[in-house]
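Since the structure comes first, as structure tokens, the remarks are kept for the end.
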Amino acid sequence: MLEKLRREIDLFVEKHPRSRISQFESEKHLPGGSSRGTSYFDPFPFFVDHGEGHYLHDVDGNRYLDFMINATSLITGHADPLVVKELSAQVRKGVSFSHPTDAQVRLAGLLCERIPSVESVRFVNSGTEATLNAIRVARAFSGKQKIAKFEGGYHGSNEYVSVSVNTPREKLDPGGPKAIPEFPGMSQAILDDVLVLPYNDLKVCQENLLRYRNELSCVIMEPVVSNFGYAPAKLEFLRGIRDLTEELGILLIYDEVQSFRVAPGGAQELFGVVPDLTTLGKVIGGGMPVGAFGGRADVMALYDPTGAGPVIGHAGTFNANPMTMVAGEAVIQQLTPKVYARLGRLGGILRSKLEAIFGEFNVEVQVTGVESLFGIHFTSEEVVDNRSMLRGDTDMKKLLFMGLLNEGVLTQAKAAGSLSTLTTETEVDRLVSATRSVVDRIKG
Ligand SMILES: Cc1ncc(COP(=O)(O)O)c(C=O)c1O
């Protein structure tokens, strides 16, 4: 297996002499040449020249059919003509101001109309800031300090959610999830305030939520977990957590930074389970930096600056900047129910074709995902939580990722990805046939 990975890496290196130089240069100025954890992979990332529709072109002249689409965010593809048109017009009018624009009201209106839980919304510049603020307002509203999150759940890089995310398998407590810091030097106070729960295990969640009901301000969760290759929650689990949190006076936050793309109103609409607060990012900014948090008007009112002033003061130089707002609006307006239906149908076709390919080669696999999101796990076990996901073969994921790159197809390094509105059965089949070639090489 490692020999095969070595061969794929060698081929990659051969095809990327110019990127290798860029990596070398960037290492002089940036730690490891990088500003972003997910953009680096071994031996070095390719450097991008430009994107065009479904394709990404690197500085070495290679072209990739892109299913990474900047971590699911570019749902209408690269350099979407409508986004380009809106951004070009806005850039001439000014890119950011200290004062509000009507573009902010329009995008907020679209989100409130579409997302069942969102009565009121506030913009920030990243999903990280969105989850930070949703947790902050949950604590301020409830007057309680602790938060609960799930083992393996990623919600950005703020302190509260940097607990028990990508813990190596050997460091997990066999007794069950515990608060494990993502990096050294994390404040013990944060770790004491974060309760970590097992996903899809209602019984254990119930025991813990009951035990800590008087201390817990909120539960933050993804209804479709990105880190588990978009494995969806079991419906009875989502409903159970909703009922419990409501009964116990704990606010429920859905992190829909990624899952918003599964339906006009996000996964909460698809599953019919409505949280108190929702965090957003990625597609709602049309490819520009973005985050948003919203939900119950009485909770969001803590940010209201009118009258006596806000309970939570919150500034941000680029919050709701018009570039992001017009790009987001241009994208959201294209996302009609018909478009979602088509994306969902193609996602279903892709997942079943991928399963068939691995079946042909007798490779044990679980293909997870919902609507336009997909993930591949090399395990015979159903992926329902962090631990079942981690029991899969991660070397195979690396091998598939690198092999697909050499075939001109880009996925996430964790063998997952998403479709865009530009995807047709032709692109689905291209991904499937590239996968067949890679698996053929691996098995051969
Ligand atoms: C579910 C989820 N929440 C939050 C974030 C953080 O968003 P950002 O990278 O914009 O800070 C991400 C980013 O990948 C995410 O997937």
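What follows is calculated from the coordinates using simple rules that are stated; it is not laboratory data. These numbers were taken from a predicted model, which means no experiment stands behind them. Here the Cβ positions follow ideal geometry from the backbone for every residue, glycine too, while neighbour counts run over all protein chains shown.
Residue order for Lys85, Lys28, Lys353, fewest other beta carbons within 10 angstrom first, comes to Lys28, Lys85, Lys353.
Just checking the listed ones, Asp201, Asp102, Asp385: in the Gaussian network model of the chain with Cα springs under 10 Å, the one fluctuating most is Asp102. Computed over the chain with a Gaussian network model linking Cα atoms closer than 10 Å, the most mobile of Glu364, Glu14, Glu256 is Glu14. Summing charges over neighbours of Ile69, with a neighbour being any other residue whose Cβ is under 14 Å away from its Cβ, gives -2 when K and R count +1 and D and E count -1. Per-residue packing, averaged as other Cβ atoms within 10 Å, sorts the ranges 247-253, 369-375, 434-440, 401-407 into the order 369-375, 401-407, 247-253, 434-440, beginning with the highest. Is segment 129-254 rounded, prolate or oblate when judged by the Cα gyration tensor, a ≥ b ≥ c being the square roots of its eigenvalues, rounded requiring a/c under 1.5 and prolate requiring a/b larger than b/c? Taking the square roots of the gyration eigenvalues as a ≥ b ≥ c, segment 129-254 is rounded. In this simple spin-label model, placing a label point 7 Å from the Cα along the Cα-to-Cβ direction at both Ala356 and Ser35 gives a separation of 4.4 nm.
For the charge dipole of the chain, defined by +1 on Lys and Arg C-beta atoms and -1 on Asp and Glu C-beta atoms about the Cα centroid, which residue among Gly109, Ala416, Val365 has the Cα displaced farthest towards the positive pole? My answer, from the dipole projection, is Gly109. Taking other C-beta atoms within 10 angstrom as a stand-in for reagent exposure, Thr38, Thr324 fall in the order Thr38, Thr324, fewest first. Cross-link reach is defined here as a Cα-Cα straight distance under 14 Å, omitting same-chain residues fewer than 8 places apart; for Lys338 the aspartates and glutamates meeting it are Glu371. Net charge of the neighbourhood of Val438, taken over other residues with C-beta under 9 Å away and scored Lys/Arg +1, Asp/Glu -1, is -1. Between Leu210 and His50, the modelled labels are 6.2 nm apart [label points 7 Å from Cα along Cα→Cβ]. Taking a ≥ b ≥ c as the square roots of the Cα gyration tensor eigenvalues, the chain comes out oblate, since a/c reaches at least 1.5 and a/b does not exceed b/c. As a calculated quantity, the FRET efficiency between Arg239 and Gln188 at R0 = 30 Å, using C-beta atoms, amounts to about 0.30. Its Cα centre serving as origin, the chain has a Cβ charge dipole (Lys and Arg +1, Asp and Glu -1) of approximately 280 debye. Taking the Cα centre of segment 81-332 as reference, the dipole from Cβ charges on Lys and Arg (+1) and Asp and Glu (-1) amounts to some 380 debye.
Between the residues Pro100, Pro45, Leu390, the greatest Cα displacement towards the positive end of the dipole of the chain, with unit charges on the Cβ of Lys, Arg, Asp and Glu, is found for Pro100. Shape call for segment 294-411 from the C-alpha gyration tensor, a ≥ b ≥ c root eigenvalues: rounded (a/c under 1.5), prolate (a/b greater than b/c) or oblate? Prolate, because a/c is 1.5 or more and a/b exceeds b/c.
Spin-label model, Asp304 to Glu381: label points 7 Å out along the Cα-to-beta-carbon direction sit 4.9 nm apart. The length gained by stretching the chain between Thr394 and Arg63 to full extension, at 0.36 nm per residue less their Cα-Cα distance, is 116.6 nm.
Rounded to the nearest 20, the Cβ-based charge dipole of segment 1-112 about its Cα centre (Lys and Arg +1, Asp and Glu -1) stands at 260 debye.
For a straight C-alpha distance cut-off of 16 angstrom, the lysines reachable from Lys4 (same-chain residues fewer than eight places away being disregarded) are Lys397, Lys398, Lys443. Considering only Thr128, Thr379, Thr279, the mean-square fluctuation computed in a Gaussian network model of the chain, springs between alpha carbons under 10 angstrom, is largest for Thr379. On full extension, the segment bounded by Lys443 and Glu246 gains 65.9 nm, given 0.36 nm per residue less the C-alpha separation.
Every helix of 4 or more DSSP H residues in the chain counts as -39500 (n - 2.57), and over all residues that averages to -12500 deg cm²/dmol at 222 nm. Computed over segment 81-332, the percent of Cα pairs more than 35 Å apart is 14.
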